[in-house]
Amino acid sequence: METVYFKGAPCHTCGNIPAIGTKGYCYTFVTPELKEINCADFRGRRVVLNIFPSLDTPVCAASVRRFNAEASKLKNTTVLCVSMDLPFAAGRFCSAEGLKDVIPASAFRFPMFAENYGVELVDGPLAGLLTRAVIILDEDRKVIYSELVNEITEEPHYDEALDVLR
């Protein structure tokens with residue numbers, strides 16, 4: 001269990017995010033087209049898991065915009081923007097914003113992702129949603145970057161994450 005903060009109030013996760021050097025769990029998500037995607041679809045590619053509570057918040061939306069802006073500059077890398085938002089809402093947001101270089105990925109149908117990656121909030125006002133984190137997996141699904149954002153209302157350390165990929 002990890003402690004993070006929402007507007008200064010402590011909240012807890014269901015476990016711990018994977019440490020650098022460990023093998024990331026396989027995952028399955030749902031895209032806005034209601035297509036299931038999983039880790040096998042990205043075999044041989046680096047994957048950025050941009051994890052957040054909901055696109056209906058300014059900070060979460062900002063993280064998706066920022067990773068979209070950077071994604072096209074990254075070689076052999078896919079950015080998955082992961083939340084419990086319904087796939088329709090994530091697709092609508094990306095369409096309205098013109099974001100085409102990230103993949104909206106809903107974990108709503110696959111709660112094991114949140115458990116395996118230690119990102120489900122188990123208490124506080126956002127309980128049941130995902131906390132804010134960035135996890136980067138290499139071509140063999142080994143964790144090469146792992147950040148659990150301490151204050152959920154703050155953006156992740158983009159430059160540190162992106163430096164791992166450059």
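Each Lys or Arg adds one and each Asp or Glu takes one away; over the other residues whose Cβ falls under 11 Å from the Cβ of residue 107, this sums to -2. Toward the positive end of the charge dipole of the stretch 1-102, with +1 on the Cβ of Lys and Arg and -1 on the Cβ of Asp and Glu, the farthest Cα among 91, 55, 37 is that of 37.
Carbon and sulfur together cover what percent of the accessible area of the stretch 12-65 at a 1.4 Å probe radius? Working shown, then result.
Details: 1270 of 2430 Å².
Solvent-exposed carbon and sulfur of the stretch 12-65 make up 53 percent of the total.
Net charge of the neighbourhood of residue 43, taken over other residues with C-beta under 12 Å away and scored Lys/Arg +1, Asp/Glu -1, is -1. For residue 23, the aspartates and glutamates whose Cα comes closer than 13 Å to its Cα, not counting residues fewer than 8 places off in the same chain, are 138, 139, 140.
Cβ-Cβ distance of residue 163 and residue 34, R₀ of 25 Å, FRET efficiency by 1/(1 + (r/R0)^6): the value works out to about 0.10. Of the DSSP H helices in the chain, those that are both long (alpha-carbon extent of 18 Å or more along the helix axis) and hydrophobic (Kyte-Doolittle mean at least -1.0) are 58-71. The share of Cα pairs per 10 Å bin across the stretch 81-122, counted from zero up to the longest distance, runs 29, 47, 22, 2 percent. On a straight-distance basis, which aspartates and glutamates could pair with residue 7 in a cross-link, Cα separation under 15 angstrom, same-chain partners fewer than 8 positions away excluded? Partners found: 123, 151, 154, 155.
Determine the dipole magnitude for the stretch 5-95: charges of +1 sit on the beta-carbon of Lys and Arg, -1 on that of Asp and Glu, nothing else is charged, the reference point is the Cα centre, and the result goes in debye to the nearest 20. Walk me through the intermediate numbers first.
Details: 11 positive and 6 negative charges, 78 e Å.
I would put it at about 380 debye.
Legend note: in the chain, cysteines whose Cβ sits 4.7 Å or more from every other cysteine Cβ are 11, 14, 60, 81, 94.
Cross-link partners of residue 73 among lysines, defined as those whose alpha carbon lies under 22 angstrom from its own and excluding same-chain residues fewer than eight positions apart: 100, 142. Its relative contact order, with pairs defined as Cα atoms under 8 Å and 6+ residues apart, puts the chain at 34 percent.
Around residue 55, under 11 Å between beta carbons, what's the net of Lys plus Arg minus Asp minus Glu among the other residues?
On the way: positive: 65, 92; negative: 56, 85, 97.
Here the count lands on -1.
Based on the alpha-carbon gyration tensor of the stretch 125-166 and its eigenvalue square roots a ≥ b ≥ c, which shape applies: rounded if a/c is under 1.5, prolate if not and a/b is larger than b/c, or oblate?
On the way: a/c = 4.03, a/b = 1.66, b/c = 2.42.
The shape class here is oblate.
Once Lys and Arg get +1 and Asp and Glu get -1 on their Cβ, which of 127, 15, 165 lies farthest toward the positive end of the dipole of the chain? Farthest towards the positive pole: 165.
In a reduced charge model with +1 at each Lys and Arg Cβ and -1 at each Asp and Glu Cβ, the stretch 30-166 shows a dipole moment near 540 debye about its Cα centre.
Placing pseudo-labels 7 Å out from each Cα toward the beta carbon at residue 25 and residue 45 gives an inter-label distance of 2.2 nm.
The values are calculated or read from the model by the stated rules, or taken from the named source; none is laboratory data. Note that the coordinates shown come from a computational prediction; the quantities given were computed from them, not determined experimentally. Don't worry about glycine lacking a Cβ; one is built from the backbone with ideal geometry, like all the others, and counts go over all protein chains shown. Accessible surface areas use protein heavy atoms only, side chains included; no ligands, DNA or RNA. Shrake-Rupley method; radii C 1.70, N 1.55, O 1.52, S 1.80 Å.
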